[in-house]
Amino acid sequence: MPSLLKGLIQPGVKPVTDSEFHNYLTNSMMARFITPKLDEADKKNFAEEMKDGGEFYIVDLDPVRVGKTYKDIHVCPTKTLLRREGEKFSVVGVWMEKTKVVIHPTDGDAWELAKYFVLQGGALCATMVVHPLQHFPMDSVNAITKSALPKEHTLFKLLHAHQRFTLPLEYAVLDFKMSLLHNDAWWKTYAPFPGAYDGIRDLLVEGYKGIKNNDSYPAFTYPRRPPKVYSGYGTFLDAYYETIYSFVDDVVATIPKGDHAVTCWANYLHQQVPGFPSGKEIFEGKTLTEVVAYYIWDVTVGHTIDHHNYGQMDVRKVPLRIRQEPPEKGTKMKSRQLLQNPVDLMKYQLAMKLFFAPTVITKLIEVDYKFKDNNLRHRQVKFKEDLKATDKKLRDQGLTYMTLDDIAASIQF
C-alpha cells in the first residue's frame, strides 16, 4: 500500500537532464553497453553525424525488440552514438529503431522522450540480457563443483565458499510461478516488466545466444576476465579482479598439474558451458587461475555491484514501462505524469526493494575457505588485507560505487 500511495502522490516520470542522461550511460552499470564495435547498420544510420570523422562508440540496446508489451505500454530498440575525445564521451544522438530516425539533443520534446526510451532499454538490457550471464552460466560451475570434486580438495574449498544460496535462488527466478518475471495475476504487485513472461524471458536468450550480425551481442562463451567497460565503473571492476586473480593464482599453484579431480571437473564443465576449457586444456599456462578467478569475481564483485548500482537508480527517471509511442521528429511528449501510472510505479518500487536492490547475507570480506594448509591459511589472511587495500585505493580515486563491506560472498539475491 505505501508504494501505491507513493505512486498516486508522485505519478509519472521526473525530468532527466542531459548531464544525468550522460552519467547514466557512462558512469553506471549501463556503461557495460559502450562499445567501439559499430556495425554496418550503425554506420548507415549515423552517416550524417559521423561524416566529419572522429572516434565513435555505440550504446546498443537492440535486444528489447523481442519484448512483447502489454496494451498501451511501449519499448523501442535504440542505438546511442557517443563521440570520444580523450577519456570523455559526449552524446551525439539516438537512433529510434521503430520510427527509423535519429533524435538529437536539439529536438525538444522528441529528445526528452527518446532519453526515457534509452534508459528503459538500458534497464531492461542490464537486468535481463547482460546481468543474467553473471547468474545462469555459472550454475553449472556451482553444481559440478559440488558433485565432482572431493570435499577436502583445495579447488572445492576455494569455490564452495562462493556457492551458498545460489542454486535455489536461480531456480526460483526462472521457474517459480511467483517470480517477478510472471505478471499473470493482479496480486503480483512486484512484477514490474512491460510485458508477459514469454517476451521478457526471450531477453535472456538474446544475451546467451547472441544476435546475428550484431557485434555488440556475441554468443556467450565463458570469459577469462571481465569484459572491457569504458568508464570508472570498469576501472572499479578491474581493480577487484586483479586482487582476486592474485589470490587465486597463489592457491591453485598448490594443485599438481594433471590433478585427476580437476581434470574430470574441467571435462564435465567443458560439455556444459560454452568456452570452458577441457581437462586437457585446464593446466595450460594460467588457464585454471583465469577460469576460477573469473568465477569468484563474477559471483561476488561483478554480481553485487550491478544490484547495488541499479538499486540506487530513481524509478521515476529510469522507467521500465513507458505509456507513449517512440518519438519521431516533432513529437510532442505527453505530460510526464502520464508516462508511468501509479500501478507501474508501485510494481517497480516493490521490485526494487524485493529483488533488484542487494540483500547481503554473507560478505566477501568474511569468507572462510577452511584451508587446512598453514600457507593457504596465511594467504587467505593476506587476501583480505589486499581486498581492504583495494577498497581504500578505489575510494581515494573517488570510485565509490560500493564499499568492500557491501560485496556479497556469492549470488544470494
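How high is the relative contact order of segment 250-348, in percent, counting Cα pairs under 8 Å that sit 6 or more residues apart?
16
If the reach is capped at under 17 angstrom between alpha carbons, list the lysines near LYS88, excluding any in the same chain fewer than eight residues apart.
LYS228
Which links in LYS347/LYS392; LYS286/LYS372; LYS146/LYS286; LYS188/LYS363; LYS157/LYS280; LYS14/LYS43 stretch past 29 Å when you go from one Cα to the other?
Listed pairs above 29 Å: LYS347/LYS392; LYS188/LYS363; LYS14/LYS43.
Could you list the residues of segment 109-142 with an amide nitrogen less than 18 Å from a label point located 7 Å from the Cα of LYS51 in the Cα-to-C-beta direction?
none
Rg and Dmax in Å for segment 278-390, alpha carbons only: what are they?
Cα only, segment 278-390: 22.6, 70 Å (Rg, Dmax).
Among MET352, MET96, MET50, which one shows the biggest mean-square fluctuation in a GNM of the chain, springs joining Cα atoms closer than 10 Å?
Judging by the Gaussian network model, the answer is MET50.
In the chain, with Lys and Arg counted as +1 and Asp and Glu as -1 at Cβ, which of these residues, GLY93, PRO150, GLY311, has the Cα nearest the positive end of the dipole, that is, farthest along it?
The residue sitting farthest along the positive end of the dipole is GLY311.
Find which of PHE383, THR403, THR362 sits farthest along the positive direction of the dipole of segment 340-413, computed with +1 on the beta-carbon of Lys and Arg, -1 on that of Asp and Glu, about the Cα centre.
Projecting each Cα onto the dipole axis, the largest value belongs to PHE383.
May I ask which residue of TYR233, TRP111, LEU174 lies farthest towards the positive end of the charge dipole of the chain, with charges of +1 (Lys, Arg) and -1 (Asp, Glu) on Cβ and the Cα centre as origin?
My answer, from the dipole projection, is LEU174.
Which shape class applies to segment 32-145: rounded if a/c is under 1.5, otherwise prolate when a/b exceeds b/c and oblate if not, where a ≥ b ≥ c are the square roots of the Cα gyration tensor eigenvalues? Intermediate values should be presented prior to the final figure.
Working: a/c = 2.44, a/b = 1.43, b/c = 1.70.
Note, shape of segment 32-145 comes out oblate.
Going by how many other beta carbons lie within 10 Å of each one, how would you line up ILE58, ILE411, fewest first?
Working: ILE58 23, ILE411 26.
Sorted ascending by nearby Cβ count, the order is ILE58, ILE411.
In percent, how large is the relative contact order of segment 76-138, given Cα pairs closer than 8 Å and 6 or more residues apart?
Numbers: 61 pairs, mean separation 15.5, N = 63.
Taking the mean separation of contacting Cα pairs over the length of segment 76-138, I get 25 percent.
If you stretched the chain out fully between LYS68 and LEU169, how much longer would it get, using 0.36 nm times the residue separation minus the C-alpha to C-alpha distance?
Between LYS68 and LEU169, full extension yields 33.8 nm more.
Label segment 76-203 by shape, choosing from rounded, prolate and oblate, from the square roots a ≥ b ≥ c of the eigenvalues of the Cα gyration tensor; if a/c is under 1.5 it is rounded, and otherwise prolate applies when a/b is larger than b/c, oblate when it is not.
Oblate, because a/c is 1.5 or more while a/b does not exceed b/c.
Between ASN375 and GLU85, how high is the FRET efficiency from 1/(1 + (r/R0)^6) when r is the Cβ-Cβ distance and R₀ = 45 Å? Nearest 0.05.
Working: r = 49 Å, r/R0 = 1.10.
Efficiency at R0 = 45 Å is approximately 0.35.
Compute the semi-axes of the equivalent ellipsoid of segment 246-326, taking the square root of 5 times each eigenvalue of the Cα gyration tensor, and list them largest first in whole Å.
Result for segment 246-326: semi-axes of 40, 16, 8 Å.
If packing is taken as the average count of other Cβ atoms within 10 Å, what order do 66-79, 36-49 fall into, highest mean first?
66-79, 36-49
If you compute semi-axes √(5λ) of the Cα gyration tensor in Å for the structure shown, which of [x] 34, 26, 20; [y] 39, 24, 20; [z] 45, 22, 21 do you land on?
Correct label, based on the coordinates given: [y].
Run the quick spin-label model on THR263 and ASN213: label points 7 Å from Cα toward the beta carbon, then report their separation in nm to one decimal.
Simple spin-label model gives 4.7 nm for this pair.
Rounding to the nearest 20 debye, state how big the charge dipole of the chain is about its Cα centre with +1 on each Lys and Arg Cβ and -1 on each Asp and Glu Cβ.
I would put it at about 760 debye.
Go ahead and run the numbers for FRET between LYS334 and LYS392, Cβ-Cβ distance against an R0 of 56 Å, rounding to 0.05.
Using R0 = 56 Å, I get an efficiency of 0.75.
Classify segment 188-316 as rounded, prolate or oblate from the Cα gyration tensor: take a ≥ b ≥ c as the square roots of its eigenvalues, call it rounded if a/c is under 1.5, otherwise prolate when a/b beats b/c and oblate if not.
It comes out prolate by the Cα gyration axes.
Given a Förster radius of 51 Å and the C-beta distance between ASP250 and GLN10 as r, what FRET efficiency does 1/(1 + (r/R0)^6) yield to the nearest 0.05?
0.45
Below 8 Å, C-alpha to C-alpha, sequence gap of six or more: please give me the relative contact order for the chain in percent.
RCO, the chain: 25 percent.
Which chymotrypsin sites (Phe, Trp or Tyr not before Pro) does segment 249-321 hold that lie in a coil by DSSP with at most 10 other beta carbons within 10 Å?
Counting only loop positions with at most 10 other Cβ atoms within 10 Å, none of the chymotrypsin sites (Phe, Trp or Tyr not before Pro) in segment 249-321 qualifies.
Where a number appears in this text, it was derived from the coordinates with a stated rule and is not lab data. If you're wondering where the values come from, they're calculated on a predicted model, not measured in any experiment. Backbone-built Cβ (ideal geometry, glycine too); neighbour counts: all protein chains shown.
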